[in-house]
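The values are calculated or read from the model by the stated rules, or taken from the named source; none is laboratory data. The shown structure was predicted, so the numbers you read here are calculated from the model rather than taken from an experiment. Neighbour counts are summed over all protein chains in view; Cβ atoms, including those assigned to glycine, are modelled from backbone coordinates with ideal geometry.
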């Protein structure tokens, strides 16, 4: 669970992005289906508690300070001088 206050609300079409200010931590983003958000709309500054089902958790692993392994990315295709037209 993440407790905080609503910092921003952005309608994205099929969902609403709610950014939450979390005390002594980074901001947290919750994406709510638009019908869920509009059933109980929030406002900037509202106290909120974000929670989710265990089966919805996707643990991200890896060392973000190191480049990804598995080879180098392919060079951009463009003109012979390496620049891209556009």
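Within segment 31-47, residues that are free of Cβ contacts under 8 Å to residues at least 12 places away in the same chain and on the phi < 0 side of the Ramachandran plot reach no partner that is assigned to a loop (DSSP other than H, G, I, E, B) and loosely packed, with under 10 Cβ neighbours inside 10 Å with beta carbons closer than 6 Å at six or more positions or on different chains.
Applying the criterion of being in contact with a helix residue (DSSP H, G or I) (Cβ under 9 Å, 6 or more places away or on another chain) and at pLDDT below 95 to the residues of segment 13-31, the residue that is farthest from residue 56 (Cα to Cα) is 13.
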